[in-house]
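One structure is given here, and the rest of the page talks about it.
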Amino acid sequence: MSILKNKVAVVTGAAVGLGRAYAEALAEAGVNLAVCDVRDEVMELPELLADDGVKVLTSQGDVSDPKHVKSVVDGACEYLGGIDILINNAGVWGASTADDDLDKSIADYESIVGTNLKGEYLFGRAVIPIMLAQARGGDIVNIATDHMVTCGTPDHVCPDLESCPWGESPRPTGGGDAMDLYDAAKWGLNGLLYAWAKSLAPHGIRVNAFCMGATDSWMLRSFHGHNPPQEEVDSWMRAEDNARVLIELLEEGPSGRNAQNINFCIGRPVALEAPNDHRYVRAEQVKVIS
């Protein structure tokens, strides 16, 4: 039996892709769920997860909307009895470049930064006071990008694997010149990661990030008009494998790693590797007191 059984998790962006895989894995471990998404498919989850015998509360809305965030969190507390786990997964991608006109730039900012940074910030801010009041610890996992950590951040932790497809190692960070807002929002998650981990460690709450590379998902398939070439699909990681690693991370419990950017990029195994030494915080600052 998983130590996670009967805990309560909030999973954002749970309708498809990684979010749905996380919800399915958590339900299989016996975790009750409050799931949300802007997509209609999120309403399918109670029926989909019925055989796992868990409670599933669904909500449709935008994570950048504070009213939606409050309704999801309040619903989880009222219907499920509290919140032990937050999986900040909701995310969007859109092309943006330094020479975009101002009208497009404003719209892109509201969409990309609103979802990928503001949404994770709002859910964290809504959930953290509840976890503190419960005084039973907890876990926050923010879903970030491998653009932040791709094998070469810092250089000395690059494993230089033969399976790396980049030809030279370490691979440079960043997603390219059409991703300034996407990368800015995801890099911004570092500010939340380290600040939250330091302030919450004395209360038994861990904060980590999954830095995701190319994983088979609705978002990635949309880049190819939902008809990607098979050789491309064969190179992608599987959402189900990443969801398995999420469960392993959560099952570490309070004595597990904290304030870690956990790297998942093509060419590396989808596995919970040994934690890296801290470079941006001191280890004693993020030691969790259980």
Task: Simple spin-label estimate for residue 105 and residue 227 in nanometres, 7 Å along Cα-Cβ - done: 3.7
Open item on the list: Apply the Karplus curve 6.51 cos²θ - 1.76 cosθ + 1.60, θ = phi - 60°, to the phi angles in segment 260-276 and return the couplings in whole Hz, x for Gly and Pro.
Closed with: 10, 8, 9, 8, 10, 10, 4, x, 9, x, 7, 8, 8, 6, 4, x, 7
Open item on the list: Just want to confirm a number: the relative contact order over the chain, from Cα pairs under 8 angstrom separated by 6+ residues, in percent.
Closed with: 19
Open item on the list: As a quick test, which of the pairs 5/55; 70/104; 70/118; 67/118 have an alpha carbon distance above 20 angstrom in this structure?
Closed with: 70/104
Task: Distance in nm between pseudo-label sites at residue 214 and residue 98 (7 Å out along the Cβ direction from Cα) - done: 2.6
Task: Length added when fully stretched, residue 5-residue 282, from 0.36 nm per residue minus Cα-Cα - done: 96.5 nm
Task: Among (i) 0.96; (ii) 1.16; (iii) 0.89, the entry that matches Cα Rg over 2.2 N^0.38 Å as calculated here - done: (i)
Open item on the list: Below 8 Å, C-alpha to C-alpha, sequence gap of six or more: please give me the relative contact order for segment 1-132 in percent.
Closed with: 26
TODO: Pull up all non-local amide H partners of residue 33: gap of 5 or more, or a different chain, and H-to-H distance under 5 Å with H placed in the peptide plane.
DONE: 9, 55, 56, 57
- [ ] Give the order of 240, 284 when sorted by the count of other beta carbons within 10 angstrom, beginning with the fewest.
- [x] 284, 240
Task: segment 1-60, relative contact order [Cα under 8 Å, separation at least 6], % - done: 34
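Values quoted throughout were computed directly from the atomic coordinates according to the rules given, and no laboratory measurement underlies them. Treat the numbers as computed from the prediction; the structure is a model and nothing was measured. Don't worry about glycine lacking a Cβ; one is built from the backbone with ideal geometry, like all the others, and counts go over all protein chains shown.
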